[in-house]
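Below is one structure, written out as structure tokens; the observations come after it.
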Amino acid sequence: MKFLVENMTCGHCVKAVSNAVQQADAQAQVAVDLATKSVEVKSTLAVETVITLLAEEGYPAQRAD
């Protein structure tokens, strides 16, 4: 699943976004692309759960197709 996260700007953002998902699913694979403001997540978590986790970290996300 892929998400658009507009307010990511630096390495700290990458780490925070990755950690938010991996705390809920330690096996999750998270790939962040700062240039396109996108996050690709391979996980058993539901889309809504990932969006909620990112929002709680201060990174509002929306599903990207």
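How much net charge surrounds residue 32 when only other residues with a Cβ under 12 Å from its Cβ are counted (Lys, Arg +1; Asp, Glu -1)?
+1
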ask   = What does the accessible area per residue of the stretch 12-58 come to in Å², with a 1.4 Å probe and no ligands, DNA or RNA counted?
value = 58
query = By how many degrees, between 0 and 90 and to the nearest 10, does the Cα long axis of helix 47-56 differ from the longest principal axis of the chain?
reply = 50
note = CD proxy, 222 nm, the chain: helix-only mean residue ellipticity via -39,500 (n - 2.57) per DSSP H run with n ≥ 4, per residue, nearest 500, stands at -11500 deg cm²/dmol
remark   = Whole-percent carbon and sulfur contribution to the accessible surface of the chain (1.4 Å, no ligands, DNA or RNA) stands at 49
note = In terms of the alpha carbon gyration tensor, root eigenvalues a ≥ b ≥ c, rounded if a/c is under 1.5 and otherwise prolate when a/b exceeds b/c or oblate, the chain is rounded
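The values are calculated or read from the model by the stated rules, or taken from the named source; none is laboratory data. Fair warning: this is a prediction, and the values are worked out from it, not measured in the lab. Here Cβ is always computed from backbone atoms with ideal geometry, including for glycine, and neighbour counts include all displayed protein chains. Please note that ligands, DNA and RNA were not included when accessible areas were found on the heavy atoms of the full protein model with its side chains. Shrake-Rupley method; radii C 1.70, N 1.55, O 1.52, S 1.80 Å.
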